[in-house]
1. Could you check the simple spin-label distance between residue 135 and residue 429, using points 7 Å along Cα→Cβ, in nm with one decimal?
2. Explain nothing, just compute: Karplus ³J(HN,Hα) = 6.51 cos²θ - 1.76 cosθ + 1.60, θ = phi - 60°, for every residue of region 84-96 in order, whole Hz, x for Gly and Pro.
3. Just rank 412, 128, 196, fewest to most, by other beta-carbon atoms within 10 angstrom.
4. So how much slack lies between residue 99 and residue 310, counting 0.36 nm per residue of separation and subtracting their Cα-Cα distance, in nm?
5. Sort 209-217, 272-280, 403-411 for me by packing, meaning the mean count of neighbouring Cβ atoms within 10 Å per residue, highest on top.
6. Where a ≥ b ≥ c are the square roots of the eigenvalues of the C-alpha gyration tensor, would you call region 289-430 rounded, which needs a/c under 1.5, or, failing that, prolate if a/b is larger than b/c, or oblate?
7. If you rank 311, 384 by fewest surrounding Cβ atoms within 10 Å, what's the result?
8. With a cut-off of 16 Å, note down the residues of region 90-108 whose backbone N falls inside the zone around a label point 7 Å from the Cα of residue 159 toward its beta carbon.
Amino acid sequence: SARRLLLLLGLAGLLAAMAAGTWQLGQCPMKHLKEPQPEQGSPQEQELEVTPACDNEEEEEPVVRGAPSTVSFRISTANSLLEARLEAHPGWLLVCHGHWEPSLGTLLCQQLGYLSMTQQKAVSLRDVQVSAGQQFLQVRARQEGSLEDMWQVRSSCQSGRIVALQCSECGLQAGAVRVVGGTDVSPGRWPWQVSVCQGSQHRCGGSVLAPEWILTAAHCVHSPQPGAGSPQCRCRGCRQLPAPAWLVFAGMVTHGSLRPEAGVPVRAIIAHPLYNDSSLDYDMALIRLQAPLNFSRAIRAVCLPPAPRDLLQGTPCWVSGWGHTAPGQAQVAGTLKEALVPLIGTRRCNSSCVYKGELTARMLCAGHLRGHVDACQGDSGGPLVCWDGDTWRLVGVVSWGQGCAEPNHPGVYTNVAQLLPWIHQVTQMH
Ligand code: ARG
């Protein structure tokens, strides 16, 4: 009976080991996307901090960090007048036109989260109502240094003229819109959402930045380098079939109603030069269309994040797309879907029980650590937008996640604020 006991004990041990094994498998599902594998000695390795502990209760830093400035700007919606406020100086000041440089208009529009400047002009002070005691800001005669320290406060403008500025329109939904049927979306709710297709095949989402510019994820449009040996091209003499052309569909909600002639052909695809196919660092690409989109109630641009603004953990943001509504599904959704996904602190998201240090400074997390709500395959490249009280701003681009909607594996997005200089550089150059 002693032998039988030993046998039983052994059997029990074996069973326990097997159970632990399957449990571990259950805990570590494969990523839908490529597993980030930081290369040895790569620059991002030096940037990464030590992975914070899982139960980390430290205070979270802002998810999106602005560049604090001693001077802030706004444009009056009523009359397009440029207004500025200085730290430690009460009230909003108007800006004298003296010493104004045209390049300042572009710079300020970009700082405020617009893609470009559309108009700037000098307005005579006689043509506007100015309250008594109104003060002014003027560019110093010999301007040097940054936007911050080139100003002086004045009680009047010598030229008698002030600056009016118009930037490219963005971030507004068409009129009063409602969400129908839970998470289906009505036309005009996310008018910047586009479908980036290869032939008639939906590949990814994207966002309209301007009539000719779409922002998406680099992994959507990145093709392996020629010569990498794609499996169907090993035969001698066979040439790689030309990939079907890229088409962008805007202003639609139902994917089934796609007419190929409604797709806009692509002139150029510019992926971020630092995009890394294995870590998905810098996962961003710009698509230049062959013809501008006709803006309407259903097609509009989204705003970019303004340079100086912080965004904190818990900020309610929305993701939208035609991606899978259940992990492992074979088809994309017929109707555009949306989901509310609050921003998650990067320290927490990079902790040992979430993404274990895989996030780089170009990534941010949004969603729910309990799971259930998330972006999924087919949503990539699409928008993560947050309402700032005035407009919708593109804070993230759907990039990756381990599975979809799994507990402790929220969606990871490209951090748009981090890549603003590149976006402005490319769109201004082309
Ligand atoms: N990479 C996916 C795509 O190409 C999107 C993944 C997003 N995953 C997530 N769990 N949020 O469509």
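What follows is calculated from the coordinates using simple rules that are stated; it is not laboratory data. Keep in mind that this is a model prediction, so the values were computed, not measured. Ideal geometry is used to build each Cβ from the backbone, glycine not excepted, and the neighbour counts take in all protein chains shown.
1. Roughly 4.2 nm, to one decimal.
2. Residue by residue, region 84-96 yields 9, 10, 9, 4, 6, 9, x, x, 8, 9, 7, 10, 5 Hz.
3. Working: 412 29, 128 15, 196 26.
Listing 412, 128, 196 from fewest to most nearby Cβ atoms yields 128, 196, 412.
4. Values: separation 211, 0.36 × 211 = 75.96 nm, distance 3.12 nm.
Taking 0.36 nm per residue and subtracting the Cα distance, the gain is 72.8 nm.
5. On the way: 209-217: 23.4, 272-280: 17.6, 403-411: 20.8.
Answer by packing, highest mean first, reads 209-217, 403-411, 272-280.
6. Working: a/c = 1.75, a/b = 1.23, b/c = 1.43.
Note, shape of region 289-430 comes out oblate.
7. Details: 311 21, 384 28.
The most exposed by this proxy come first: 311, 384.
8. 94-108, by backbone N distance to the label point.
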